[in-house]
Every structure is written in C-alpha cells, then in structure tokens.
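Here the structure is laid out as structure tokens; the discussion comes afterwards.
The values are calculated or read from the model by the stated rules, or taken from the named source; none is laboratory data. Keep in mind that this is a model prediction, so the values were computed, not measured. Here the Cβ is made from the backbone with ideal geometry for all residues, glycine too, and neighbour counts use every protein chain on show. Please note that ligands, DNA and RNA were not included when accessible areas were found on the heavy atoms of the full protein model with its side chains. Shrake-Rupley method; radii C 1.70, N 1.55, O 1.52, S 1.80 Å.
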Amino acid sequence: MLRGFQTALRMIYPARCVSCGDRVDSDFGLCGPCWRETPFIGGLVCDLCGTPLPGTTNEGASVHCDDCMTIPRPWAQGRSALIYRGNGRKLVLGLKHGDRTDICHPAAVWMARVAKPMLTGTEVLVPVPMHKWRYLKRRYNQAALLAQEVGARLGA
Ligand SMILES: [Zn+2]
Ligand SMILES: [Zn+2]
C-alpha cells in the first residue's frame with residue numbers, strides 16, 4: 001500500500017536531489033555530482049568532535065584533535081557526518097535558514113551512520129531546545145526534526 005502510494009507520488013513529484021534539484025532515482029538523496037562534491041567525513045576522526053585526522057580508521061583507538069586537547073569537552077564522544085564547507089555548508093544552511101526540512105531525511109541517514117558505532121542501545125536523543133521567539137520565526141526546530149529521524153533509524 002505504502003509502496004504503491006510512493007510510486008504514485010513519484011509519478012506526480014519525481015524524486016529530486018536535495019542539493020541541486022536534479023532528478024534522482026531514490027527519494028531524498030543526492031545526485032552523483034552533488035554526492036561527489038559533498039564533504040562526507042570518513043577514516044580516522046577525533047573521538048570527541050568527529051573532525052577528520054590523518055589516518056585511515058579509529059579501530060580501537062581514541063584520538064583527539066588539537067582543539068579537543070586544548071578545550072575541555074563536556075561530552076564523552078562525538079561524531080560529524082559532514083565538513084561544514086562547500087555542499088555540506090549549503091545543506092546545513094538550507095535546513096537551518098531555508099525552510100528545507102526535506103534535508104532532514106538524508107541528513108538523518110548520514111548522522112545515524114556515523115553515530116551507530118558509538119551507541120550501546122540505551123541512549124536517549126535530546127535535541128537542543130530553541131528559544132520561543134526563534135521557534136515562532138522559524139516555525140520548526142530543525143534539531144528536533146533531526147533527532148526524530150535519527151532516533152527512528154537507530155531505534156533510540
Ligand atoms: Zn544534485
Ligand atoms: Zn576534536
């Protein structure tokens with residue numbers, strides 16, 4: 001039923017790249033060129049903030065970037081899905097200030113992918129609250145939308 005509905009919906013609204021708007025094969029994704037231009041983070045990363053570091057993997061190692069060695073962090077572990085530049089910055093700004101709530105879906109997929117190895121299955125996801133005036137201006141809390149989508153993916 002849902003699949004039939006999605007197919008019917010796609011005939012009316014073909015799937016579009018969330019970055020450039022070109023047609024794509026799957027819903028809520030990036031086209032090939034935008035995927036290549038989006039700075040996804042992989043390999044060795046800082047265990048506290050997720051900044052990429054020179055190296056290939058974190059397997060068994062907890063390494064920290066210069067910033068996290070200098071500035072104490074009030075959390076135990078952190079990851080990032082994208083570097084905040086180029087297409088990564090464009091997507092974040094679209095979600096934060098451009099009413100592009102459709103970006104939540106792919107962003108949650110990318111966030112869940114990098115978060116999953118850290119989780120034990122007992123976590124609670126808590127979005128950063130938004131001041132009521134900002135909420136009234138924006139009409140949604142993008143952190144809450146992301147938390148719902150990530151939580152649905154991770155069963156948290
Ligand atoms: Zn695109
Ligand atoms: Zn760091």
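Dividing the mean sequence gap of close Cα pairs (under 8 Å, 6+ apart) by how many residues the chain holds gives a relative contact order of 17 percent. For the chain, the Cβ-based charge dipole about the Cα centre amounts to some 660 debye (Lys, Arg positive; Asp, Glu negative; other atoms uncharged). Bridging of residue 137 to lysines at a Cα separation below 17 Å is possible for 96, once same-chain residues fewer than 8 apart are set aside. Scanning the chain for trypsin sites (Lys or Arg not before Pro) that sit in a DSSP loop and have at most 12 other Cβ atoms within 10 Å, the longest stretch containing none of them is 1-84.
Can you compute the helix-only [θ] at 222 nm over the chain? Use -39500 (n - 2.57) per DSSP H run of at least 4 residues, normalise by all residues, nearest 500 deg cm²/dmol. For the chain, the value works out to -12000 deg cm²/dmol. Equivalent-ellipsoid semi-axes for segment 41-156 (Cα gyration tensor, √(5λ), whole Å, largest first): 26, 16, 15.
Ligands, DNA and RNA aside, residue 41 has an accessible area near 20 Å² when probed at 1.4 Å.
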